[in-house]
Amino acid sequence: MHYALTSIEPAKEQADCFIVGVFQNKKLSKIAEQLDQASQGAIRNLLAKNDLVEEIGRSLLLYSIPGVSSARILFVYCGEEGKLKPSDFRKITCCVASVVKSAKWDRVVNYLTDLEVKGLDAYTKVRQSIELIEDCFYSFDQFKTKKADKPAFSAPKEFVFNVASADSAKAEEAIKQAVAIITGIKLTKDLANSPANICTPHYMAEQAKALAKEVELDIQVLKKDAIEKEGMGALLAVAQGSEQPPHFVVLEYNGAKKDQKPVVLVGKGVTFDSGGICIKPAAGLEEMKFDMAGAASVLGTLKAIALLKLPINVVGIMPLTENLPSGSAVKPGDIIKSLSGQTIEVINTDAEGRLILADALTYSERFEPDVVIDMATLTGAIIIALGAVATGLMSNDSTLTNELEKAGEQSHDRIWALPLWDDYQEQIDSNIADISNIGVGGGKSITAACFLSRFTKKFRWAHLDIAGTAWRSGQNKAATGRPVSLLVQFLLNRIS
Ligand code: BES
Ligand code: MN
Ligand code: ZN
């Protein structure tokens, strides 16, 4: 779908459908008013028949309105005039997207971006609209062999947003950035949605290579021998139960001068998490194919920023492995040696994400990073705490926390900070090794972050627990592409 802008009056516009707002008590929006005048009151008369239900996002499609250049107009209920909230705007946009999805139109002109929404500027309205529309149009049907089972819809060739001409430069930028972001998100979703028999550690490494070639990134793939040579005992411990060898991928995007310190993004890449010897219950286990969503978000983010050619240096690191039980699997009570030299007592083999991240975080040191951010589907506890709305953030630096919170608000890919106080640290003490891999009390998301903090002492670091936000559960299980939008926003903010 091609996204474009327009600022010309509707009379001069050609489209298969105009999308316009109507407020409470049939009050017409500015555009609806103009169209009504062109139709000599026909619109007002039709709306007077009360077919448009006054509920945010409900719509009414009318055809062949005299005096109007578009064959159809979709009237959308937008609540009380001047009181449109950002959440209403997003709901309306999703409703509109699903109507457009079930139609066969080539060119759609959306006038809703011209409505006043409290706290949203033209940039944000356009950017959020594109991200929401694309989410609605996304489908993962690679594995459906029958055409009938595939969703029957066709996206319009062109989706046009109307904005005031004074806003067109900002809106143009919004389109450019949103298009890069949705391209990155699509990659992240496709990989995370892929089943674990296809999406193995090796496959992820191959995908990274393909991306590196496509958008010109430097890449290094460490195979098992090299991982052993480096001394990544924690990654190897998780991998030793699987037939699939681990991979460790390092990608570098160099958009700025060599001496500019990079942002390092580390993504948990457990391509399937059975729990290992501490095996998980069967119900919902299929969803553990998403346990590489952090790594997939590294690729999606790098793709977006490379397409935008941002003047910044970013390193992406993906420790990739399966977590399976077998005769060679790591066992509860085993003590392993991490790349940092610290020893870890593995109390629970299902707390594997933090093990592979420990080595990846230590590895980050060699890039002398400005900041390191890890993304990981790390704990079930974060789903209890924050649900599917906010990503959990834990950091050793308050400036970085603030920057990420701001980017979260801007992108509407939101995060919520949890405390990383020393008081939690004693929970992960082991009486026979340097650290235990699980906490003994409550606050499981925080103690997981405490574990990571033992490997991030040398740099400013933030941990994003995306277990609740990277995918939707249940029958319609699907990757969301989060937190790509947040990360790209964070990086955009660093250059402006
Ligand atoms: N990948 C899981 C976290 C997870 C659980 C993500 C449910 C999404 C939904 C992680 O490896 C894990 O198993 N964590 C354990 C940690 C526990 C053993 C301390 C958890 O959260 O139960
Ligand atoms: Mn686990
Ligand atoms: Zn896991």
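Peptides 315-323, 332-340: what's the order by average Cβ count within 10 Å, highest mean first?
Packing proxy ranking, top to bottom: 315-323, 332-340.
Using label points projected 7 Å from each Cα along Cα→Cβ, tell me how many nm separate Ile219 and Glu243, to one decimal.
2.5
Enumerate by residue number the trypsin sites (Lys or Arg not before Pro) in the stretch 436-473 meeting two conditions: DSSP loop (anything except H, G, I, E, B), and at most 12 other Cβ atoms within 10 Å of the site's Cβ. Kindly include the intermediate steps, with their values, before the conclusion.
On the way: sites: Lys444, Arg454, Lys457, Lys458, Arg460, Arg472; in loops: Arg454, Lys457, Lys458.
Within the stretch 436-473, the qualifying trypsin sites (Lys or Arg not before Pro) (loop, at most 12 other Cβ atoms within 10 Å) are Lys457.
Can you compute the equivalent ellipsoid semi-axes for the stretch 100-228, i.e. the square root of 5 times each eigenvalue of the Cα gyration tensor, sorted largest first and rounded to whole Å? Show your work: numbers first, answer last.
Values: eigenvalues 248, 97, 25 Å².
They are 35, 22, 11 Å, listed largest first.
List the trypsin sites (Lys or Arg not before Pro) within the stretch 266-325 that fall in a DSSP loop (any state other than H, G, I, E or B) and whose Cβ has at most 12 other Cβ atoms within 10 Å.
Qualifying residues, ordered by number: Lys309.
I need the P(r) histogram for the stretch 181-495: all alpha carbon pairs, bin width 10 Å from 0 out to the longest distance, whole percents.
Bin by bin from 0 Å, the calculated values are 7, 31, 39, 20, 3, 0.
Using Cα pairs closer than 8 Å and at least 6 residues apart in sequence, work out the relative contact order for the stretch 2-161, in percent.
Once divided by the residue count of the stretch 2-161, the mean separation gives 30 percent.
Give the distance, in whole Å, between the Cα centre of the stretch 295-340 and the Cα centre of the stretch 14-36.
49
Length gain on complete extension for the stretch Ile8 to Gln142, per 0.36 nm per residue less the alpha carbon to alpha carbon distance?
Value of the extension gain: 44.2 nm.
Counting each DSSP H run of 4 or more residues in the chain as -39500 (n - 2.57), what helix-only mean residue ellipticity at 222 nm follows after dividing by all residues, to the nearest 500 deg cm²/dmol?
Rounded to the nearest 500, the figure is -11000 deg cm²/dmol.
In Å³ and rounded to a whole number, note down the convex hull volume per residue for the Cα atoms of the stretch 2-161. Before the final figure, lay out each step's value.
Details: hull volume 18.3 nm³, N = 160.
Cα convex hull per residue, to the nearest whole number: 115 Å³.
Pull up all non-local amide H partners of Ser436: gap of 5 or more, or a different chain, and H-to-H distance under 5 Å with H placed in the peptide plane.
Glu345, Asp429, Ser430
For an R0 of 30 angstrom, estimate the FRET efficiency from the Cβ-Cβ distance between Lys101 and Gln260 and round to the nearest 0.05. Could the numbers behind the result be given before it?
Values: r = 43 Å, r/R0 = 1.42.
The formula returns an efficiency of 0.10 here.
With a 10 Å radius around each residue's Cβ, average the other Cβ atoms per peptide and rank 31-38, 429-436, 125-132, highest first.
125-132, 31-38, 429-436
Please list, ordered by chain and number, the residues whose modelled amide H lies under 5 Å from the amide H of Ile19; skip anything fewer than 5 residues away on the same chain.
Under 5 Å from the amide H of Ile19: Leu74, Val109, Asn110, Tyr111.
Which of His202, His247 has the fewest other C-beta atoms within 10 Å, and how do the rest follow up to the most?
With the sparsest Cβ surroundings first, the list reads His202, His247.
Would you please give the residues with an amide H less than 5 Å from that of Trp461, counting only those at least 5 places away or on a separate chain, with H modeled from the backbone geometry?
Answer set, sorted by chain and number: Val372, Asn396, Asp397.
Work out how much length Lys157 to Val53 would gain on full extension: take 0.36 nm times their residue separation and subtract the Cα-Cα distance, in nm to one decimal.
34.5 nm
Could you rank the peptides 15-22, 68-75, 172-179 by their average count of other C-beta atoms within 10 Å per residue, with the highest value first? Numbers along the way, then the final one.
Details: 15-22: 24.2, 68-75: 20.8, 172-179: 19.2.
Ranking the peptides 15-22, 68-75, 172-179 by packing returns 15-22, 68-75, 172-179.
Distance from the Cα centre of the stretch 419-471 to that of the stretch 192-246, in angstrom?
24
Span-like helices, the chain: DSSP H, alpha-carbon axial extent 27 Å or more, mean Kyte-Doolittle -1.0 or greater, which ones?
Helix filter hits for the chain: 168-193.
Can you list the residues of the stretch 189-203 with backbone N under 14 Å from a point 7 Å past the Cα of Lys477, pointing along Cα to Cβ?
Flagged as within label range: 192-199.
Counting DSSP beta bridges in the chain, what percent are antiparallel, to the nearest 5?
Antiparallel: roughly 40 percent of the beta bridges in the chain.
For Ala282 and Ser168, calculate 0.36 nm times their separation in residues minus their Cα-Cα distance, and state this gained length in nm to one decimal.
Length difference between fully extended and current span is 35.8 nm.
Working from the pairwise distances between different alpha carbons, so that the mean of 1/r is found and then inverted, what is the stretch 400-496's Kirkwood radius in Å?
Over the stretch 400-496, the inverse of the mean reciprocal pair distance is 15.3 Å.
Throughout, read-outs are computed from the coordinates displayed, never taken from laboratory work. Because the structure is predicted, anything quoted here is derived from the model rather than measured. We place every Cβ from the backbone using ideal geometry, glycine too, and count neighbours over all the protein chains shown.
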